[in-house]
């Protein structure tokens, strides 16, 4: 079974600082991995996805993530935080084969951006 | 293209009642998934429908059920509501084949009193 662990339920950064949100996965087969963002009172928006092509994945709003198989990690980064990045971020892994359409989410990381 | 729509956005029910939530996927999408989001348990997968058939199911009791219509619209039903069913219920749609790229609706906030 797939699982996702997000290290740090709350991350606080200053505006302009590097954003690093950590995600480790467990999967018995090569996974598909995703990062989603959720703003208050809204649904989830897809930031980026890894589908076994390039290991460095670029997403929207300046975010990117690197798939590291040896470390079973898929950390999300952004070089310079903006106030509008304050939100909750979720890492997710999809199943394989017939369970490909079942997403397993991490607990989420709340990102606070300080002026 | 219009996004995923969910109705209603907010619901208040009392214990023992039942509730039906609706989801309209993005045009052309044939897969609809449902998730429950609570502060304690986070995001949990309920079930997924593809071409009117349940293709995947999560670990929820039988009180939670769903269906999908020929136009890909989906409904989920919760019977005999419990206080613990209070949650944000999210619907997501995708093409249903290939990479699982899901697009989420705004959710229905259910409060059980």
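In the range B:60-87, the residue that is farthest from the other protein chains (Cβ to nearest Cβ) out of those that are crowded, with 19+ Cβ neighbours inside 10 Å and part of a strand (DSSP E or B) is B:78.
Evaluation of residue A:101 against the conditions (1) crowded, with 21+ Cβ neighbours inside 10 Å; (2) outside any strand (DSSP E or B); (3) under 12 Å from the mean Cα position of the chain (by Cα) shows that the sole unmet condition is (3). Counting only strands (runs of 3 or more DSSP E) wholly contained in the range A:20-95, no element carries 2 or more residues that are buried (at least 17 other Cβ atoms within 10 Å of the Cβ), within 13 Å of chain B (Cβ to nearest Cβ) and without any contact (Cβ under 8 Å) to a residue 12 or more places away in the chain. Checked against (1) buried (at least 20 other Cβ atoms within 10 Å of the Cβ); (2) on the phi > 0 side of the Ramachandran plot, residue B:48 meets all criteria but (2). Does residue A:13 fit the bill of being more than 13 Å from the chain's Cα centre (by Cα), surrounded by 13 or more Cβ atoms within 10 Å (Cβ to Cβ) and in a strand (DSSP E or B)? When the stated conditions are applied, residue A:13 passes them.
Across the range B:17-33, not a single residue is classified as more than 10 Å from chain A (Cβ to nearest Cβ), at pLDDT 95 or above, in contact with a helix residue (DSSP H, G or I) (Cβ under 8 Å, 6 or more places away or on another chain) and not in a strand (DSSP E or B).
The values are calculated or read from the model by the stated rules, or taken from the named source; none is laboratory data. All of these numbers come straight from a predicted model, not from anything done at the bench. With ideal geometry, Cβ positions are generated from the backbone for all residues, glycine too; neighbour counts draw on all protein chains shown.
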